Amino acid sequence: MRALTWQGRRNVRVDTVPDPRIEAPTDAIVRITTSGLCGSDLHLYELMGPFMEPGDVLGHEPLGVVEEVGSEVGTLAPGDRVVVPFQIACGTCFMCRQGLYTQCETTQVRDQGMGAALFGYTKLYGEVPGSQAEYLRIPQAQFGPIKVPHGPPDDRFVYLSDVLPTAWQAVEYAAVPADGSVAVLGLGPIGEMACRIAKHRGHRVFGVDLVPERLARTAEWGIEVLDINAQGDIGDSLQELTGGRGPDSVIDAVGMEAHGSAAAKTAHTLTGFLPGRVAETLMGKAGIDRLAALHQAIDIVRRGGTISISGVYGGALDPMPMLTLFDKQIQLRMGQANVRRWTDDILPLLTDDDPLGVDTFATHRLPLEQAPQAYEMFQKKQDGAIKVLLQP
Ligand SMILES: NC(=O)c1ccc[n+]([C@@H]2O[C@H](COP(=O)([O-])OP(=O)(O)OC[C@H]3O[C@@H](n4cnc5c(N)ncnc54)[C@H](O)[C@@H]3O)[C@@H](O)[C@H]2O)c1
Ligand SMILES: [Zn+2]
Ligand SMILES: [Zn+2]
């Protein structure tokens with residue numbers, strides 16, 4: 001089959017690789033019709049090289065049609081249309097019973113000390129082949145895949161794999177009081193969708209970014225947007241807009257590649273060029289996230305407010321402003337989204353009325369063969385690229 005493979009820093013290509021096969025009775029094989037490109041893929045593209053092997057297949061936002069099922073996958077049959085959560089979870093262990101699917105004890109990557117396995121996401125998460133490919137093997141298929149009706153376009157359901165539950169969890173974890181306000185840092189797919197969901201729930205929403213077309217698109221949804229390049233101090237502006245206190249909650253939808261942390265940028269560039277083993281140790285132990293967005297969140301949230309982090313961080317020893325966190329009595333909540341925990345809440349919103357605008361959310365739909373160009377365009381934010389869907 002054809003699949004998008006990682007080859008090195010900022011170097012991906014479409015290769016012919018072996019077709020996946022059923023390996024366990026709980027596996028299924030899905031023929032992919034659409035797979036999203038995500039800000040998380042950009043971390044692998046730019047930065048997480050020490051945890052990648054050349055040839056790794058990327059992608060974790062799959063929608064497709066079941067081709068084949070193992071003998072213990074009672075819930076699926078060939079021909080079913082399914083969207084597949086980005087994490088692999090069993091559905092029955094201690095963690096899964098609490099809805100903490102990203103901590104699944106059946107698929108935890110214990111030799112790396114990490115949580116549940118993820119599709120297409122480094123050795124840290126089990127090096128499971130991803131979905132930017134013609135076919136995908138789904139482990140634990142008795143639980144993960146969500147059946148969706150045939151008929152509506154792929155755009156309607158594909159975001160259930162990641163964007164929607166991640167944005168939903170970001171808003172849930174933000175614990176915005178009724179009549180309260182929330183600032184969302186970063187208006188990529190996750191931040192923008194979090195803005196739409198928070199607005200849909202009746203909150204006052206501020207969206208913060210520095211890319212003009214992202215700010216403009218979010219503003220179209222009635223959200224107050226702030227440009228960090230034009231605005232000077234975002235904290236001051238947000239205080240003025242909220243009666244001197246700051247927003248009740250802040251969502252960090254930026255993560256470890258935030259614009260505006262010079263020292264970490266040097267360290268990032270360094271790990272890009274160090275030999276694998278050395279870079280892995282530096283990245284995993286020394287902690288070199290660019291924390292600009294998180295620092296911003298701590299600065300702008302009101303005293304006693306809540307910060308919800310959905311942006312991914314990967315370092316280990318980040319200097320945190322503990323003095324301010326403690327003094328302001330801030331509540332911090334974070335983690336990879338527990339996809340199935342939220343999908344039943346979200347599904348009723350994926351109707352023809354389309355209150356969250358999923359049908360028109362993608363800015364680009366490209367053939368899988370053009371994935372290398374898609375990565376470059378999305379990373380450089382060229383051609384108005386906000387959400388790219390790849391179609392084999
Ligand atoms: N928690 C989860 O389960 C989960 C799931 C999917 C994605 N993510 C993470 O969410 C983050 C966002 O993903 P995305 O697909 O929207 O990616 P993206 O890269 O398109 O979005 C990031 C946005 O942040 C903006 N930005 C950069 N620095 C900023 C700053 N200092 N202040 C404000 N905005 C800034 C960028 O201009 C960009 O628009 C990534 O870190 C991704 O890995 C987490
Ligand atoms: Zn994703
Ligand atoms: Zn489990």
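The values are calculated or read from the model by the stated rules, or taken from the named source; none is laboratory data. All figures in this text were calculated on a predicted structure; none of them were measured in a lab. Here the Cβ is made from the backbone with ideal geometry for all residues, glycine too, and neighbour counts use every protein chain on show. Note: accessible area is taken over every heavy atom of the protein model, side chains too, but ligands, DNA and RNA are not part of it. Shrake-Rupley method; radii C 1.70, N 1.55, O 1.52, S 1.80 Å.
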Entirely in region 316-392, the helices (runs of 4 or more DSSP H) that have 2 or more residues that are aliphatic (A, V, I, L, M) and farther than 25 Å from ALA116 by Cβ: 322-327, 371-380
Residue identified as within 16 Å of ligand 1 (Cβ to nearest atom) and either over 23 Å from the mean Cα position of the chain (by Cα) or farther than 16 Å from LEU160 by Cβ (or both) among GLY39, GLY59, GLY55: GLY39
Conditions (1) within 16 Å of ligand 2 (Cβ to nearest atom); (2) in contact with an Asp or Glu (Cβ under 7 Å, 6 or more places away or on another chain); number of the one not met by THR102: (2)
Residue in region 274-291 that is under 28 Å from THR360 (Cβ atoms), open to solvent by 60 Å² or more (accessible area, probe 1.4 Å) and at pLDDT below 85 present: no
Residue in region 150-163 that is open to solvent by 10 Å² or more (accessible area, probe 1.4 Å), within 16 Å of ligand 3 (Cβ to nearest atom) and not hydrophobic (A, V, I, L, M, F, W, C) present: no
LEU185 vs. criteria in contact with a His (Cβ under 7 Å, 6 or more places away or on another chain) and either open to solvent by 20 Å² or more (accessible area, probe 1.4 Å) or away from ligand 2 (no atom under 16 Å from the Cβ) (or both): no
Tally, over region 88-97, of residues that are among the hydrophobic types (A, V, I, L, M, F, W, C), more than 16 Å from ligand 2 (Cβ to nearest atom) and either open to solvent by 30 Å² or more (accessible area, probe 1.4 Å) or touching a Ser or Thr at 6+ places or on another chain (Cβ under 6 Å) (or both): 4
Single condition ILE138 does not satisfy, out of (1) in contact with a Gly (Cβ under 9 Å, 6 or more places away or on another chain); (2) away from ligand 3 (no atom under 16 Å from the Cβ); (3) open to solvent by less than 10 Å² (accessible area, probe 1.4 Å): (2)
Matching residues, region 228-259, being over 28 Å from GLN379 (Cα atoms) and surrounded by fewer than 24 Cβ atoms within 10 Å (Cβ to Cβ): ASP236, SER237, GLN239, GLU240, LEU241, THR242, GLY243, GLY244, ARG245, GLY246, ASP248
Hits in region 111-135 (condition: assigned to a loop (DSSP other than H, G, I, E, B), open to solvent by 10 Å² or more (accessible area, probe 1.4 Å) and not small (Gly, Ala, Ser)): MET114, TYR121, GLU127, PRO129, GLU134
Criterion: open to solvent by 10 Å² or more (accessible area, probe 1.4 Å) and either more than 30 Å from MET377 (Cβ to Cβ) or not in a loop (DSSP other than H, G, I, E, B) (or both) - qualifying residue of ASP15, ASP19, ASP41: ASP15
Any hit, region 98-110, residues being in a helix (DSSP H, G or I) and surrounded by fewer than 23 Cβ atoms within 10 Å (Cβ to Cβ): yes
Sole residue being of a type in the set (A, V, I, L, M, F, W, C), more than 23 Å from THR16 (Cβ to Cβ) and either within 16 Å of ligand 2 (Cβ to nearest atom) or in contact with a Leu (Cβ under 8 Å, 6 or more places away or on another chain) (or both), chosen from LEU136, LEU118: LEU118
Pair list, Cβ < 9 Å and 6+ apart or interchain, from region 320-345 residues that are over 19 Å from ASP252 (Cβ atoms) to residues that are surrounded by fewer than 16 Cβ atoms within 10 Å (Cβ to Cβ) and among the basic types (Lys, Arg): ASP327/ARG303
All positions within region 164-180 that are open to solvent by 10 Å² or more (accessible area, probe 1.4 Å) and away from ligand 1 (no atom under 16 Å from the Cβ): ALA175, VAL176, PRO177, ALA178, ASP179
